[in-house]
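Comments concern the structure below.
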Amino acid sequence: MTVGFGIVGCGMIAAFHARAIQDLSGARVVAVHTSNPANAQKIAEQVGGCAIYTDYAEFLKHPGLHIVNICTPSGAHLDPAVAAAAAGKHVVVEKPLEITLERCDRIIEACEKAQVKLCTIFPSRFSPANMALKHAIDAGKFGRLTLGDAYVKWWRTQEYYDNGGWRGTWKLDGGGAYMNQAIHNVDLLQWLMGDVAEVCGFTSTLAHERIEVEDTGVAVIRFKNGALGVMEATTSVWPGLLKKTEIHGTKGSAIVEQDDVLLWKFDPETADDQLTRERFAQKVGGGGGAADPKSISYQGHFKQLEDFVDAIQNGKAPLVDGAEGRKSVAIILAIYESAKTGQRITLG
């Protein structure tokens, strides 16, 4: 049976979903829904033809539609996700799951009620280097985790915000450099280090005009396991640097820049450690969206959608379900609250 995907919203990120679905064995894009037929036509041409809808109710009735991918602006994920679940469709939501915890919870509850699967797109978890890092942590190679840092020092032009319409607004973007760009590494860091206990954050708008949200932010993190960390997020750093994750413990340290391992050192050293250094020191990470949002790879989306189809077919949870997708939103909202109030914010 062919797994039929439908894409809602035909902006930039929809093209990455479409490309990933094209590479999935036994899957195809069967329909798209849009308020912009010109954009929809581009996606249809990309996938070799599919139905185009402007009526969402009719879109959900399309024959052979099994999975709905929500690619609308961040603050417009709720309604199409809930309607898709009510129609019995499995739901994929591009990051963030939504821009408030209440809206995240409504999506999660709708999917649970309808007994359909839900996943939040966080392709960084599927990078081979990051998966190796997660395996090393779970295997205890770091000893006691002491410090975990995430750095997303990116650049976006003023035109990026001016042309997007919804970008840089609280209502539809839900935030700035943290919620739109660095959320990938916020999710990645909490996945690697464990749940966050409290945060203290500072945010500012330093390099852009006519936006409501931050383009520069720094947050100090205390994890529930006692480890500390820093999460930096910007779209104000020219020319834009590769994102970086640093994990440290009493028995080891590792640094991953984009998808390349810069440091991989443990006590005791094993033969596998040398193999890991050789495997991930090839400088294949690419630009990763540091200055151009279109320069990301679709491979992470492919691997995540592959995991999602496997979860549906084998009755198991996807790696990044709704509850997992909610965590990064909670952390970022706590950072925003701390920046606003000047107080340390406890999560949970």
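The values are calculated or read from the model by the stated rules, or taken from the named source; none is laboratory data. Worth saying up front: this structure is predicted, and the values here are computed from it rather than measured. Ideal geometry is used to build each Cβ from the backbone, glycine not excepted, and the neighbour counts take in all protein chains shown.
Within the range 215-224, is even one residue part of a loop (DSSP other than H, G, I, E, B), surrounded by fewer than 24 Cβ atoms within 10 Å (Cβ to Cβ), touching a residue at least 24 places away in the same chain (Cβ under 8 Å) and not polar (S, T, N, Q)?
Yes, because at least one residue in the range 215-224 is part of a loop (DSSP other than H, G, I, E, B), surrounded by fewer than 24 Cβ atoms within 10 Å (Cβ to Cβ), touching a residue at least 24 places away in the same chain (Cβ under 8 Å) and not polar (S, T, N, Q).
Do you know which residues across the range 266-288 are at pLDDT 75 or above, not in a helix (DSSP H, G or I) and not charged (D, E, K, R)?
Let us first name the residues in the range 266-288 that are at pLDDT 75 or above, namely 266-281.
Remaining after also requiring not in a helix (DSSP H, G or I): 266-270, 280-281.
Those that are at pLDDT 75 or above, not in a helix (DSSP H, G or I) and not charged (D, E, K, R): Phe266, Pro268, Thr270, Phe280, Ala281.
Which condition number in (1) of a type in the set (Asp, Glu); (2) exposed (fewer than 14 other Cβ atoms within 10 Å of the Cβ); (3) modelled with pLDDT of 95 or more is the one that Asp321 fails?
(2)
Kindly list, by first and then second residue, each pair from a residue in the range 18-37 that is under 18 Å from Thr72 (Cβ atoms) to a residue that is of a type in the set (Ser, Thr, Tyr), limited to pairs with Cβ atoms under 6 Å and residues at least 6 apart or on different chains.
Ala20/Tyr298; His33/Tyr53; His33/Tyr56
Out of the residues in the range 108-140 meeting the condition of being under 17 Å from Gly325 (Cα atoms) and over 17 Å from the mean Cα position of the chain (by Cα), tell me which one is surrounded by the most Cβ atoms within 10 Å (Cβ to Cβ).
Cys111
Go through the residues of the range 84-100 one by one and say whether even a single one is of a type in the set (Gly, Ala, Ser) and surrounded by 24 or more Cβ atoms within 10 Å (Cβ to Cβ). Outline the logic, then answer.
First pass over the range 84-100, keeping only residues of a type in the set (Gly, Ala, Ser): 84-88.
Filter again for surrounded by 24 or more Cβ atoms within 10 Å (Cβ to Cβ), leaving 84-85.
There is at least one residue in the range 84-100 that is of a type in the set (Gly, Ala, Ser) and surrounded by 24 or more Cβ atoms within 10 Å (Cβ to Cβ).
Just to be sure I understand, how many residues within the range 82-107 are more than 17 Å from Ile183 (Cβ to Cβ) and hydrophobic (A, V, I, L, M, F, W, C)?
Within the range 82-107, residues that are more than 17 Å from Ile183 (Cβ to Cβ) and hydrophobic (A, V, I, L, M, F, W, C) number 7.
Tell me which of these Leu172 doesn't satisfy, since it passes every other one: (1) assigned to a helix (DSSP H, G or I); (2) of a type in the set (A, V, I, L, M); (3) within 30 Å of Asn36 (Cβ to Cβ).
Looking at each condition in turn, Leu172 falls short on (1).
Out of the residues in the range 4-27 that are closer than 22 Å to Ala57 by Cβ and surrounded by fewer than 21 Cβ atoms within 10 Å (Cβ to Cβ), which is farthest from the chain's Cα centre (by Cα)?
Here is the first cut: in the range 4-27, the residues closer than 22 Å to Ala57 by Cβ are 4-11, 14, 17.
Imposing the further condition that a residue be surrounded by fewer than 21 Cβ atoms within 10 Å (Cβ to Cβ) reduces the set to 4, 11.
Numbers: Gly4: 23, Gly11: 16 Å.
Going through the qualifying residues, I end up with Gly4.
Can you work out which of the residues in the range 108-132 that are in contact with a strand residue (DSSP E or B) (Cβ under 6 Å, 6 or more places away or on another chain) and aliphatic (A, V, I, L, M) is nearest to Ala87 (Cα to Cα)?
Looking at the filtered set, the residue picked out is Val116.
All but one of (1) in a strand (DSSP E or B); (2) crowded, with 16+ Cβ neighbours inside 10 Å hold for Phe302; state the number of the condition that does not hold.
The failed condition is (1).
Identify, please: which residue in the range 249-284 is in contact (Cβ under 8 Å) with a residue 60 or more places away in the chain and within 30 Å of Arg156 (Cα to Cα) and is, among those, surrounded by the fewest Cβ atoms within 10 Å (Cβ to Cβ)?
Across the range 249-284, the extreme among qualifying residues is Asp260.
Against the conditions (1) in contact with a helix residue (DSSP H, G or I) (Cβ under 9 Å, 6 or more places away or on another chain); (2) among the charged types (D, E, K, R); (3) surrounded by 20 or more Cβ atoms within 10 Å (Cβ to Cβ), where does Asp105 fall short? Just the number, please.
Result: Asp105 fails condition (3) only.
Only residues that are without any contact (Cβ under 8 Å) to a residue 60 or more places away in the chain and polar (S, T, N, Q): list them for the range 191-207, please.
Answer for the range 191-207, where residues must be without any contact (Cβ under 8 Å) to a residue 60 or more places away in the chain and polar (S, T, N, Q): Ser204, Thr205.
Residue-wise test of (1) over 22 Å from Pro293 (Cα atoms); (2) in contact with a Leu (Cβ under 9 Å, 6 or more places away or on another chain).
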| site | (1), (2) |
| --- | --- |
| Thr2 | yes, no |
| Gly6 | yes, yes |
| Met12 | no, no |
| Phe16 | no, no |
| Arg19 | no, no |
| Gln22 | no, no |
| Ser25 | yes, no |
| Arg28 | yes, no |
| Pro37 | yes, no |
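For the range 5-55, give me each residue that is over 24 Å from Gly88 (Cα atoms) and modelled with pLDDT under 95.
Gly11, Met12, Asn36, Pro37, Ala38, Asn39
Please identify the pairs in which a residue from the range 139-163 that is free of Cβ contacts under 8 Å to residues at least 60 places away in the same chain has its Cβ atom under 7 Å from the Cβ atom of a residue that is surrounded by fewer than 17 Cβ atoms within 10 Å (Cβ to Cβ) and of a type in the set (Lys, Arg), counting only partners at least 6 apart or on another chain.
Tyr161/Arg210; Asp162/Arg210
Of all residues in the range 231-265, count the ones that are in a strand (DSSP E or B), over 15 Å from Ser127 (Cα atoms) and of a type in the set (Lys, Arg).
Total satisfying the criteria: 1.
Here is a list: Ala150, Ala132. Which entry is of a type in the set (Gly, Ala, Ser) and within 19 Å of Glu232 (Cβ to Cβ)?
Just one listed residue meets the conditions, Ala150.
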